[in-house]
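Peer 1: What follows is a single structure, and I will ask about it in a moment.
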Amino acid sequence: MRKLKLQVQMSLDGFVAGPKGELDWIWTLEREEASFQKIIDLADSCDTILLGRKMTPGFINYWENVVDTQPDSLEQPLAQRMVNMRKIVFSRTEKNINGRNLEVENGDLAAAVHALKKQPGKDIMVYGGATFAGSLISQNLVDEYYIFRTPVAIGNGLSIFKEQKRLDLVNTVTYKNGKTLEIYHPL
């Protein structure tokens, strides 16, 4: 059975975005090739991306813009994967959302995720947003957590954990720029 992997950038104090969705704190550190390569490797282990409706426009616009207008960008290898991979957006309100290789799912979240896990293929990746990831976590649908922790405290923001959740730390990687990758499995 395919696994559902959650990959997020998280501040030192446990937030995945500022109070209004700000992500500027993620880029306060020098770029680290090893962590960027790990993100590519994780993307390569999957063939489907799940997204929440709120983050989808920014996600789609950003990666399609890199692919279409920035051929020399250092992000091009990841951008190609993000644009070309199958994407499923979960929404209760929208029936159609524009984007390459993008589908909209309006059905029950747990039922849809369980059905996707049973399909043949590589694993499934979730990048967010905070509310959507929180729903997946609350319904015990995440099989592996990949938390890239940035050593920056932002004081207030959006969290993906809405209640107490016990996880098993299976590995930690520290990068030269101070970021850590914490890999957890649910208990």
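The values are calculated or read from the model by the stated rules, or taken from the named source; none is laboratory data. Computed from a prediction, not measured in an experiment: that's the story for all the values here. Virtual Cβ from ideal backbone geometry, glycine too; neighbours counted across all protein chains shown. These area figures cover heavy atoms from the full protein model, side chains too; ligands, DNA and RNA do not enter into them. Shrake-Rupley method; radii C 1.70, N 1.55, O 1.52, S 1.80 Å.
Peer 1: What does the range 111-163 give for Rg and for Dmax, in Å, if only its C-alpha atoms count?
Peer 2: Taking only Cα atoms of the range 111-163, I get Rg and Dmax of 13.3, 42 Å.
Peer 1: Moving to a separate point now. Do the sum for the chain: with -39,500 (n - 2.57) for every DSSP H run of n ≥ 4, divided by all residues, what is the mean residue ellipticity at 222 nm, to the nearest 500 deg cm²/dmol?
Peer 2: The helix-only estimate for the chain comes to -8500 deg cm²/dmol at 222 nm.
Peer 1: Quick check: at a probe of 1.4 Å, how many percent of the accessible area of the chain sits on carbon and sulfur atoms?
Peer 2: 50
Peer 1: How much net charge surrounds V142 when only other residues with a Cβ under 10 Å from its Cβ are counted (Lys, Arg +1; Asp, Glu -1)?
Peer 2: With Lys, Arg at +1 and Asp, Glu at -1, the neighbours total +1.
Peer 1: Looking at the range 92-133, which GluC sites (Glu not before Pro) are DSSP coil and have at most 13 other C-beta atoms within 10 Å of their C-beta? All intermediate terms of the calculation are to be shown ahead of the outcome.
Peer 2: Details: sites: E94, E103, E105; in loops: E94.
Taking the range 92-133 and a limit of 13 other Cβ atoms within 10 Å, the loop GluC sites (Glu not before Pro) found are E94.
Peer 1: Can you work out the accessible area per residue across the chain, with the rest of the protein chains kept in place, probe 1.4 Å, in square angstrom?
Peer 2: Per residue, the chain has an accessible area of 52 Å².
Peer 1: Among 23-30, 137-144, 82-89, 112-119, what's the highest-first ranking by average C-beta atoms within 10 angstrom per residue?
Peer 2: 82-89, 137-144, 112-119, 23-30
Peer 1: Take the Cα coordinates of the range 1-107, assign each an equal point scatterer, and use the Debye formula without solvent to give log10 I(q)/I(0) at q = 0.16 Å⁻¹.
Peer 2: -0.86
Peer 1: OK, next. Of all DSSP beta bridges located in the chain, what percent are antiparallel, nearest 5?
Peer 2: 35
Peer 1: I would also like to ask the following. Using a 10 Å cut-off on Cβ atoms, rank the peptides 53-59, 16-22 from the highest mean neighbour count down.
Peer 2: 53-59, 16-22
Peer 1: Tell me the net charge near Y62. Cut-off is 12 Å between Cβ atoms, Y62 excluded, with +1 for each Lys or Arg and -1 for each Asp or Glu.
Peer 2: Every neighbour counted, the sum reads -3.
Peer 1: Which of the residue pairs K5/K122; K20/K87; K5/K117; K87/K122; K38/K179 have a Cα-Cα distance greater than 18 Å in the structure shown?
Peer 2: From K5/K122; K20/K87; K5/K117; K87/K122; K38/K179, over 18 Å: K20/K87.
Peer 1: Quick check: convex hull over the Cα atoms of the range 59-99, volume per residue in Å³, rounded to an integer? Present the calculation step by step, with values, prior to reporting the outcome.
Peer 2: On the way: hull volume 2.7 nm³, N = 41.
Residue-normalised Cα hull volume stands at 65 Å³.
Peer 1: Tally Lys and Arg at +1 and Asp and Glu at -1 over the other residues with C-beta under 11 Å from the C-beta of A43: what net charge comes out? Walk me through the intermediate numbers first.
Peer 2: Values: positive: K5, K38, R81, K122; negative: D41, D44, D47, D123.
That sum, taken over residues with Cβ under 11 Å, equals 0.
Peer 1: Moving on to the next point. Can you give me the orientation-averaged projected area of the convex hull built on the Cα atoms of the chain, in nm²?
Peer 2: Dividing the Cα hull surface by four gives the mean projection, 10.4 nm².
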